[in-house]
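The values are calculated or read from the model by the stated rules, or taken from the named source; none is laboratory data. Treat the numbers as computed from the prediction; the structure is a model and nothing was measured. Every residue, glycine as well, gets a Cβ built from its backbone with ideal geometry; the counts of neighbours run over all protein chains shown. SASA here: full protein model, heavy atoms, side chains in, ligands and nucleic acids out. Shrake-Rupley method; radii C 1.70, N 1.55, O 1.52, S 1.80 Å.
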Amino acid sequence: MRFLGNIEAKIDAKGRLFLPATFRKILQQAGEEDLVLRKDVFQPCLVLFPKSTWNEQMDLVRSRLSRWKKDQQAIYRQFVSDLEEFNLDANGRFLVPKRYLKMADIHQSVKFIGMGDCIELWSNDDKSDQPFVDLEEFGEALERLMDEEPKAQDKEQ
């Protein structure tokens, strides 16, 4: 699955969002029905995962943390506890709980950003380029990154 693009949407009065049709089509083609929503670990946005992708993320985090170390167990607990699982309704909508909207400072307008294996939901209320870096900085950073030696995991692909 590859979610790509930047799509704007409005939240209805009941706090529901239509998942953009392009993203719904990708989910349908992959046979994914279950979704997971959580607050991003680093950014003021929400992240929507197909359940299979979320399970892979959970397995990866669990594999790096010990159940027998108190601090690592606390990290894992926090990682897996604050999320919502759901399915889209017949119209392709899903309810975003108010506490999640508050966490991401989302009020009426949302920017869906396809991030490959997941979808980010950003506030679009202030119409800023918040999730993006300056175009010149982007070009310079990409140039530096592409000039670096590939990581071992990149060489395997």
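Restricting to strands (runs of 3 or more DSSP E) lying wholly in segment 22-116: which have 1 or more residues that are loosely packed, with under 13 Cβ neighbours inside 10 Å and in contact with a strand residue (DSSP E or B) (Cβ under 6 Å, 6 or more places away or on another chain)? Spell out the reasoning first.
Details: elements: 34-39, 46-50, 83-87, 93-95, 109-116.
Strands (runs of 3 or more DSSP E) meeting the threshold: 83-87.
Taking Glu156 as the residue in question, decide whether it is open to solvent by 50 Å² or more (accessible area, probe 1.4 Å) and at pLDDT 95 or above. No. Of note, Lys25 satisfies the criterion of being without any contact (Cβ under 8 Å) to a residue 12 or more places away in the chain and either under 12 Å from Leu88 (Cβ atoms) or of a type outside the set (Phe, Trp, Tyr) (or both). One residue stands out among those in segment 117-143 that are of a type outside the set (S, T, N, Q) and closer than 28 Å to Met58 by Cα: the one that is most open to solvent (accessible area, probe 1.4 Å), which is Phe132.
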